[in-house]
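The values are calculated or read from the model by the stated rules, or taken from the named source; none is laboratory data. Being a predicted model, the structure only gives us computed values, none of them experimental. Ideal geometry is used to build each Cβ from the backbone, glycine not excepted, and the neighbour counts take in all protein chains shown.
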């Protein structure tokens with residue numbers, strides 16, 4: 001670990017505070033750039049692949065920042081629409097998701113979870129300030145392209161990256177009903193991804209069938225169900241809350257969103273089914289080889305999955 005690691009963490013944390021507390025475009029842009037540079041320093045580990053993915057991320061985010069500055073300076077009549085497109089590009093949402101899955105594949109599990117969750121917060125904050133009807137185009141494209149990308153995908157990082165593209169559409173959907181509902185959805189999504197990180201973060205697991213190599217296959221199993229939206233887990237209640245808030249939409253639009261949601265649920269059920277094909281060895285592995293510490297850790301997380309929806313219901 002680099003001696004500058006605490007400094008990079010401080011810069012990374014400060015970038016969010018700068019964006020949230022700033023009252024000008026300059027402070028927003030400055031926070032965005034500090035966030036990008038500190039994140040690159042956090043994922044860089046002096047390897048050839050790390051140099052490649054770091055440069056790739058720097059180039060992509062640099063182009064996005066240049067477009068952002070150009071839009072602010074020009075102040076065009078299509079500012080809202082263009083801002084949503086630029087923010088979608090920077091966080092890897094539809095229709096500009098092409099760089100996101102391959103980037104996630106080249107970084108560690110911790111960096112992968114960060115770029116799927118925390119790195120999307122600043123672009124989402126910006127997008128929430130430019131609500132317009134064009135957001136529905138990006139919303140539906142993100143949901144649809146995320147589902148399409150998960151078909152026949154066996155590499156776990158790329159599978160979760162496409163799933164992340166899909167979930168950006170859900171956060172945009174939250175913005176169309178209540179301004180800050182997407183923050184609650186994001187917190188729940190980060191909590192679920194935390195379970196994936198706990199179960200896979202310290203392991204070299206690249207494809208779905210390698211899950212039995214994990215120290216926590218039981219937690220991985222339920223984390224996948226949670227991401228898919230299996231009741232009564234947190235992922236189901238997150239989507240349920242969003243549906244309750246958008247019941248005033250047109251029937252065809254709700255139907256299309258439901259189709260995307262069910263399709264993504266099918267993707268995760270198919271993934272879980274590949275685990276259950278070897279059901280006997282899976283459960284023997286869990287109960288015979290599991291040490292007490294890992295078992296307690298998994299049960300604590302699973303309890304949180306069940307309790308947190310009711311806490312959120314009280315808050316709402």
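A few remarks follow.
- Unique residue being on the phi < 0 side of the Ramachandran plot, under 11 Å from the mean Cα position of the chain (by Cα), assigned to a helix (DSSP H, G or I) and surrounded by fewer than 24 Cβ atoms within 10 Å (Cβ to Cβ) when the list is 198, 190: 190
- Verdict on residue 63 being within 28 Å of residue 147 (Cα to Cα) and touching a helix residue (DSSP H, G or I) at 6+ places or on another chain (Cβ under 6 Å): no
- Looking at 42, 55, 141, 67, just one residue is more than 13 Å from the chain's Cα centre (by Cα), more than 30 Å from residue 262 (Cα to Cα), assigned to a helix (DSSP H, G or I) and touching a residue at least 40 places away in the same chain (Cβ under 8 Å), and that residue is 42.
- Screening the stretch 205-294 for helices (runs of 4 or more DSSP H) wholly inside it with 3 or more residues that are at pLDDT below 70 and exposed (fewer than 14 other Cβ atoms within 10 Å of the Cβ) returns the ranges 279-289.
- Test result for residue 87, in contact with a helix residue (DSSP H, G or I) (Cβ under 9 Å, 6 or more places away or on another chain), more than 18 Å from residue 41 (Cα to Cα) and crowded, with 22+ Cβ neighbours inside 10 Å: yes
- All of 121, 73 fail the test of being modelled with pLDDT of 90 or more and out of contact with any strand residue (DSSP E or B) (no Cβ under 9 Å at 6 or more places or on another chain), apart from 121.
- Exclusive hit being at pLDDT below 90, closer than 22 Å to residue 103 by Cβ and out of contact with any strand residue (DSSP E or B) (no Cβ under 7 Å at 6 or more places or on another chain), set 38, 54, 15: 54
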